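Q: Take this structure, written in structure tokens, and hold onto it; I'll ask about it next.
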Amino acid sequence: MPKISYKQIELENGLKAVLSRNENIPSVIISVSFKAGSKDEPRDKKGLAHLLEHLMFSGVCRDNLKSFDEILSLMGGESNAYTSQDMTSYFISIPSGMLECAMQLDSVRLNALDFSDGNIEIQKKVVIEEKNQIYDNVPFGSLEFEIGRRLFKNTPYEIPVIGKTESIKGITAEDISGFYEKFYNTGNGVIAVCGDIDMVETENFLNKYYSDIKKDKPKNSIGNFKIEDFSCGKYVIKDKINLPAVFINFRIPEFGTVNYYAAKHIAGLLTGGDSSILNRELIYDKNLCFEAESSVTGFEKAGMFGIDAYLNHGADCSEVEQIITENLNLICRGGFGERDIEKIKNKIELSYHTALQTNLAVSDNLSYFTLFTESPGRINYEIENALKITRDDIVETMREYINPEKMLILNYLPST
Amino acid sequence: MKVNIDIPKRGKPRNIKFPEHFEYEFENRIKLFVIEDKRFPIITARFVFKSGSAADNIRSQGKDGVSSLTAELLHKGTHGLNSNDIAERFEYYGTMLVSGSDYDASYFTFHSLEKYFGEMFGLSEELILDSVFSEDEIRNLKEIRINSLYAQYRSGEYLAHKAFNNKLGRESGYSHKPEGCICTLKSITRDEILKFYSDYFTPGNMLIVLVGDIKPERALKLVGEKFSKWQKKGINNIETSKYRNPERTELYSIHREQSVQSDICLGNAGISRNSPEFVPVVLLNTIFGGNFSSRINKNLREINGYTYGARSYFDCKKYSGEFLIETNVNIQYTLLSVNEIIKEMELMKKNRVTEEELENAKNYITGNFPLQFETANAVATKLLNMELYDIEKDFYDHYLARIYEVTSEEIIETAEKYFQTEKLIIAIAGDSEKINRNFEGKFSVQKINDADLIK
């Protein structure tokens, strides 16, 4: 397997950094990430981590250029960011010759937030429109909320990253700076620089520009919680949709566990392509659905397995549920062949290589593995974790977690 | 906080040579391209036919979707294999397979591990040359497609774009989306699919692009063995299809009850991809709405907070193109947002952009240009587009120098030509009960209730 080469260093203030050189194109990705996501927010301030991410783009100006992005684009660069349940990441893409300028700008913005009320109010409006666009104004938009409040009830993973409209409105400047002060520090952060770089020079730039990030210990905001605490059962939700859908979800262990990788195999068995068990039966043999897919989500402290089935006109939810249940029971009993496992491993191998082709993907992976696992080097052997899964691991994971007795079923039905 | 950073002047950018690749034309006119990338043990094969949904209605009207059905059916059965066998054969090796149509091309693509590539390539030959298009599989595929479209008809973004496309495209081949619509799909017969296949899925109309861990010699040998005996057949040129602006602005309102946002699609006829104006258009669009810091996003998002984002595009197709602005705004700002967008279009025509704004846009385009060649598949897309849209071979070799030469006068001229603010198509999916009355007297408003009526 091809390896990604990298060098891990520690800056003078203790901040971790990972450098990876790749001269494929004359371009570099700088990514700054903090172990601070929506699960680290106070219970009544949901949406805070993500609102802070929005505010990180408006604190700097240069002559007539009024925002981070405008200055960056003068350098030929572009930026983006995301907030997840567990982390927040800021990316810059820049031509190699502009690396120093971009780092200089980036370091200023990390310390120069515009927490003025006017700015916060505008970004709150923007975030609420983001929520409208992605959740409230689209078919099945409430799904993540409906799953979260049952499957992750009373845990920090209960509410999706975006937060609730009311709680977003209630966030104050103090809340934001409190969160920033607590988590945006050396113990919680990592910088990855990937692409067409000179290693020595980049190391110098990193020390020169990022050494004033506040030195502090890592913050652990939540403890572990038990996997049993969730409501299973069946619920009906009315939505502005034309055709019904069935969503079945399970709690599984967190990212990196054997069960997590086994769940990826199970997803492949169930819905990985036209020849998979559920696609074959639901879509092609019985014409009940036009689409079926399953997904595995691994957070730092919990995980989730989901099966989504979108029904054809006239098809019945309970029939679809029954077929899914029968097939889950079949896998629980070990009703699949060695060939099925080989097939999934081939698929995992292909997607592994496909996923690491850009500097952006490499930097994101290096950052994630630095923050949440033993080493950034995991980028090179993460695939082994998936490939060593055995038939027994699959059956054990099914019996323990992805078992029809532990299902949360949501039926979405058309409201009109 | 004010930053004092010395940003080095970029000056005239160095041109970037188009990445190396291998090219060969077979006796039967199949063109082969190979882009070798040894860094990853994977290979992508892209089989492309230079006709897409713009050709759907050439033989008879009301056949929206026939090209994409034909392309998708390629992996639904041959004389020797049924659709289940085919899926099982590809998927066992982990191979990812997709086929379908775009406006100007139909494609059959697979991504495979290098170690299984030979087998996958052989299987593809069988599918492309020996598909049976059985009645059962046609029925199955139509049912999936019709249900999936029916579900999509509740998405405001989908509906707004469908209406926009349809009204600007008028009677041209670009007036419908490649997936077709429910009533046209129902009417398509097996004979029409077979006809489409024999008209357009021909060697003279075919490009094969192999990307990844493969040497040109191996590619040449494989394609030669599998496809060079395919009987030579001519290229099928289709009638030119043009978008056309209306005489005066038309606003279409697609009703979505209790919608909290309005999905807006607004614009004019644009340019074809090989138009000589492509370069100034790229600059115009970058300044106006092409990225995060461009004018309409700054206005609607950063200053007013009406939306999560607003962007504009020149969507350039082979014979014509559309210029459109897409945004999703809070319902109470629907009229205000439309007014602001039109105001920004007017400003582009009225005032010259400052040298600073122009330099900023040029630097942005130049700096981000290499990312368009980061993966071998991205290079393949560029190569394919050059073939599909008749772009001159050395286009990208001179692209940055041309970008650098564009002046603020050219930006104004281009805006004057393509920002026809009196002749817009505006499509809005939202709560018509609440928004339509605001537009009355300002635009001619037509209400659409059923998604299938947009045709």
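Q: Given the options B:D130, B:D64, name the one that is surrounded by fewer than 19 Cβ atoms within 10 Å (Cβ to Cβ) and either more than 9 Å from chain A (Cβ to nearest Cβ) or farther than 28 Å from A:D340 by Cα (or both). Before you say what the answer is, go through the steps one by one.
A: Working: B:D64 fails: surrounded by fewer than 19 Cβ atoms within 10 Å (Cβ to Cβ).
Unique residue meeting the criteria: B:D130.
Q: Which of the residues spanning segment A:33-68 are more than 11 Å from chain B (Cβ to nearest Cβ) and either in a loop (DSSP other than H, G, I, E, B) or on the phi > 0 side of the Ramachandran plot (or both)?
A: To start, the set of residues in segment A:33-68 that are more than 11 Å from chain B (Cβ to nearest Cβ) comprises A:33-53, A:55-56.
Matches in segment A:33-68: A:K35, A:A36, A:G37, A:E41, A:P42, A:R43, A:D44, A:K45, A:K46, A:G47, A:M56.
Q: Of all the helices (runs of 4 or more DSSP H) wholly in segment A:116-189, which have at least 2 residues that are under 25 Å from A:S231 (Cβ atoms)? Before you say what the answer is, go through the steps one by one.
A: Numbers: elements: A:117-131, A:143-151, A:165-169, A:173-183.
Fully inside segment A:116-189 and qualifying: A:143-151, A:165-169.
Q: Being modelled with pLDDT under 95 and within 14 Å of chain A (Cβ to nearest Cβ) is the requirement here; does B:K2 meet it? Explain how you work it out, then say what you get.
A: Numbers: modelled with pLDDT under 95: yes; within 14 Å of chain A (Cβ to nearest Cβ): yes.
In short, yes.
Q: What's the total number of residues in segment B:300-329 that are surrounded by 23 or more Cβ atoms within 10 Å (Cβ to Cβ) and more than 27 Å from the chain's Cα centre (by Cα)?
A: The qualifying residues number 1.
Q: Kindly establish whether B:N166 is buried (at least 20 other Cβ atoms within 10 Å of the Cβ) and away from chain A (no Cβ under 14 Å). Break it down into steps so the answer makes sense when it comes.
A: Working: buried (at least 20 other Cβ atoms within 10 Å of the Cβ): yes; away from chain A (no Cβ under 14 Å): yes.
Yes.
Q: Does segment B:11-38 hold any residues that are part of a loop (DSSP other than H, G, I, E, B) and touching a Pro at 6+ places or on another chain (Cβ under 6 Å), and which are they? Explain how you work it out, then say what you get.
A: Going residue by residue through segment B:11-38, those that are part of a loop (DSSP other than H, G, I, E, B) are B:11-21, B:26-30, B:37-38.
B:N28, B:R29, B:I30 - these are the residues of segment B:11-38 that are part of a loop (DSSP other than H, G, I, E, B) and touching a Pro at 6+ places or on another chain (Cβ under 6 Å).
Q: So, in segment A:74-85, exactly how many residues are crowded, with 24+ Cβ neighbours inside 10 Å and either away from chain B (no Cβ under 11 Å) or part of a loop (DSSP other than H, G, I, E, B) (or both)?
A: 3
Q: Here's something else I'd like to know. Please determine whether any residue of segment B:206-219 is in a helix (DSSP H, G or I), over 30 Å from B:H21 (Cα atoms), among the acidic types (D, E) and free of Cβ contacts under 8 Å to residues at least 40 places away in the same chain. Even if it seems obvious, please write down each step before you answer.
A: To start, the set of residues in segment B:206-219 that are in a helix (DSSP H, G or I) comprises B:216-219.
Narrowing the set further to residues that are over 30 Å from B:H21 (Cα atoms) leaves none.
Among the residues of segment B:206-219, not one is in a helix (DSSP H, G or I), over 30 Å from B:H21 (Cα atoms), among the acidic types (D, E) and free of Cβ contacts under 8 Å to residues at least 40 places away in the same chain, which makes the answer no.
Q: Kindly list the number of the only condition in (1) at pLDDT below 95; (2) buried (at least 17 other Cβ atoms within 10 Å of the Cβ); (3) of a type outside the set (S, T, N, Q) that fails for B:A160.
A: (1)
Q: Within segment B:315-338, can one find any residue that is assigned to a helix (DSSP H, G or I), away from chain A (no Cβ under 14 Å) and of a type outside the set (V, I, T)? Talk me through it step by step, then tell me what you get.
A: Looking only at segment B:315-338, we keep the residues that are assigned to a helix (DSSP H, G or I), and these are B:331-338.
Narrowing further to those that are away from chain A (no Cβ under 14 Å): B:335, B:338.
Narrowing the set further to residues that are of a type outside the set (V, I, T) leaves B:335.
So far as segment B:315-338 goes, yes, one or more of its residues are assigned to a helix (DSSP H, G or I), away from chain A (no Cβ under 14 Å) and of a type outside the set (V, I, T).
Q: Could you say whether any residue in segment A:298-310 is within 28 Å of B:I146 (Cα to Cα) and hydrophobic (A, V, I, L, M, F, W, C)?
A: Keep residues of segment A:298-310 that are within 28 Å of B:I146 (Cα to Cα), which gives A:306-310.
Restricting the remaining residues to those that are hydrophobic (A, V, I, L, M, F, W, C) gives A:307, A:309.
The answer is yes, given that some residue of segment A:298-310 is within 28 Å of B:I146 (Cα to Cα) and hydrophobic (A, V, I, L, M, F, W, C).
Q: Quick one: in segment B:263-299, of everything that is out of contact with any Phe, Trp or Tyr (no Cβ under 7 Å at 6 or more places or on another chain) and among the polar types (S, T, N, Q), which residue is surrounded by the most Cβ atoms within 10 Å (Cβ to Cβ)? Before the answer, list the steps.
A: Initially, segment B:263-299 is screened for residues out of contact with any Phe, Trp or Tyr (no Cβ under 7 Å at 6 or more places or on another chain), giving B:263-264, B:266, B:275-280, B:282-284, B:287-290, B:292-293, B:297-299.
Restricting the remaining residues to those that are among the polar types (S, T, N, Q) gives B:275, B:293, B:297, B:299.
On the way: B:S275: 16, B:S293: 26, B:N297: 23, B:N299: 20.
Among them, the one singled out is B:S293.
Q: Further, regarding this structure: From the list A:I29, A:I71, pick out the single residue that is within 14 Å of chain B (Cβ to nearest Cβ), assigned to a strand (DSSP E or B) and not aromatic (F, W, Y). Break it down stepwise before answering.
A: Working: A:I71 fails: assigned to a strand (DSSP E or B).
Going through A:I29, A:I71 in turn, just one is within 14 Å of chain B (Cβ to nearest Cβ), assigned to a strand (DSSP E or B) and not aromatic (F, W, Y): A:I29.
So that you can scan it fast, the table gives a plain yes or no per residue for (1) within 20 Å of B:E277 (Cα to Cα); (2) among the β-branched types (V, I, T); (3) surrounded by fewer than 20 Cβ atoms within 10 Å (Cβ to Cβ):
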{"residue": "B:F395", "(1), (2), (3)": "yes, no, yes"}
{"residue": "B:S408", "(1), (2), (3)": "yes, no, yes"}
{"residue": "B:T414", "(1), (2), (3)": "yes, yes, no"}
{"residue": "B:K434", "(1), (2), (3)": "no, no, yes"}
{"residue": "B:E440", "(1), (2), (3)": "no, no, yes"}
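Q: Say whether the condition of being hydroxyl-bearing (S, T, Y) and more than 15 Å from B:A415 (Cβ to Cβ) is met by at least one residue in segment B:279-292. Spell out the reasoning first.
A: Here is the first cut: in segment B:279-292, the residues hydroxyl-bearing (S, T, Y) are B:286.
Filter once more, so that each one left must be more than 15 Å from B:A415 (Cβ to Cβ): none.
Among the residues of segment B:279-292, not one is hydroxyl-bearing (S, T, Y) and more than 15 Å from B:A415 (Cβ to Cβ), which makes the answer no.
Q: Among the residues of segment B:143-191, write down those that are among the hydroxyl-bearing types (S, T, Y) and over 17 Å from B:I58 (Cβ atoms). Please lay out each step first, then the result.
A: As a first pass, look at segment B:143-191 and keep what is among the hydroxyl-bearing types (S, T, Y): B:148, B:150, B:153, B:155, B:158, B:172, B:174-175, B:184, B:187, B:189.
Those that are among the hydroxyl-bearing types (S, T, Y) and over 17 Å from B:I58 (Cβ atoms): B:S148, B:Y150, B:Y153, B:S155, B:Y158.
Q: Would you point out the residue of segment B:145-167, among those that are touching a residue at least 24 places away in the same chain (Cβ under 8 Å) and among the hydrophobic types (A, V, I, L, M, F, W, C), that is farthest from A:N137 (Cα to Cα)?
A: B:I146
Q: Please indicate, with yes or no, whether at least one residue in segment B:243-255 is within 14 Å of another protein chain (Cβ to nearest Cβ), closer than 26 Å to A:D136 by Cα, surrounded by 19 or more Cβ atoms within 10 Å (Cβ to Cβ) and in contact (Cβ under 8 Å) with a residue 40 or more places away in the chain. So that I can check it myself, show each step before the final result.
A: Of segment B:243-255, the ones within 14 Å of another protein chain (Cβ to nearest Cβ) are B:254-255.
Now drop any that are not closer than 26 Å to A:D136 by Cα, which leaves B:254-255.
Now drop any that are not surrounded by 19 or more Cβ atoms within 10 Å (Cβ to Cβ), which leaves B:254.
Filter again for in contact (Cβ under 8 Å) with a residue 40 or more places away in the chain, leaving B:254.
Yes - at least one qualifying residue is present in segment B:243-255.
Q: Somewhere in segment B:219-233, is a residue under 23 Å from the mean Cα position of the chain (by Cα) and of a type outside the set (A, V, I, L, M, F, W, C)? Let's see the steps before the verdict.
A: Quick first cut of segment B:219-233, residues under 23 Å from the mean Cα position of the chain (by Cα) only: none.
No, there is no match, as no residue in segment B:219-233 is under 23 Å from the mean Cα position of the chain (by Cα) and of a type outside the set (A, V, I, L, M, F, W, C).
Q: How many residues are farther than 14 Å from A:G306 by Cβ and of a type outside the set (S, T, Y) if we restrict to segment A:226-267? Give the steps one after another, and end with the answer.
A: To start, the set of residues in segment A:226-267 that are farther than 14 Å from A:G306 by Cβ comprises A:226-229, A:231, A:233-244, A:253-259, A:261-262, A:265.
From what's left, of a type outside the set (S, T, Y): A:226-229, A:233-234, A:236-244, A:253-256, A:258-259, A:262, A:265.
Qualifying residue count, segment A:226-267: 23.
Q: While we're looking at this one, here's another question. Please work out which residue is nearest to the other protein chains (Cβ to nearest Cβ), limiting yourself to segment A:266-297 and to residues that are acidic (D, E) and assigned to a helix (DSSP H, G or I). Before the answer, list the steps.
A: We begin by selecting, within segment A:266-297, every residue acidic (D, E); these are A:274, A:281, A:285, A:291, A:293.
After this cut, where a residue has to be assigned to a helix (DSSP H, G or I) as well, the list is A:281, A:285.
Values: A:E281: 11, A:D285: 9 Å.
Ranking the qualifying residues of segment A:266-297, first place goes to A:D285.
Q: Here's another thing I want to ask about it. Hey, A:S351 hits all of (1) within 19 Å of the chain's Cα centre (by Cα); (2) touching a residue at least 12 places away in the same chain (Cβ under 8 Å); (3) under 30 Å from B:G212 (Cα atoms) but one; which does it fall short on?
A: (2)
Q: Quick one: count up the residues across segment A:359-378 that are surrounded by fewer than 23 Cβ atoms within 10 Å (Cβ to Cβ), within 14 Å of chain B (Cβ to nearest Cβ) and in contact (Cβ under 8 Å) with a residue 24 or more places away in the chain.
A: 1
Q: Being at pLDDT 95 or above, outside any helix (DSSP H, G or I) and under 26 Å from the mean Cα position of the chain (by Cα) is the filter here; which residues of segment A:190-219 pass it?
A: The answer is A:V190, A:I191, A:A192, A:V193, A:C194, A:G195.
Q: Any residue at all in segment A:298-315 that's free of Cβ contacts under 8 Å to residues at least 12 places away in the same chain and within 14 Å of chain B (Cβ to nearest Cβ)? Walk me through how you get there before you give the answer.
A: Residues of segment A:298-315 that are free of Cβ contacts under 8 Å to residues at least 12 places away in the same chain, as a first pass: A:314.
Going one step further and asking which of them are within 14 Å of chain B (Cβ to nearest Cβ), we end up with A:314.
Scanning segment A:298-315 turns up at least one residue that is free of Cβ contacts under 8 Å to residues at least 12 places away in the same chain and within 14 Å of chain B (Cβ to nearest Cβ).
Q: For segment B:132-161, name all the residues that are in contact with a strand residue (DSSP E or B) (Cβ under 6 Å, 6 or more places away or on another chain) and under 30 Å from B:F227 (Cα atoms).
A: Residues of segment B:132-161 that are in contact with a strand residue (DSSP E or B) (Cβ under 6 Å, 6 or more places away or on another chain), as a first pass: B:132, B:134, B:137, B:144, B:147-148, B:156-157, B:159-161.
Listed by number, the residues that qualify are B:V132, B:S134, B:E137.
The values are calculated or read from the model by the stated rules, or taken from the named source; none is laboratory data. All values derive from a computational prediction rather than experimental measurement. Ideal geometry is used to build each Cβ from the backbone, glycine not excepted, and the neighbour counts take in all protein chains shown.
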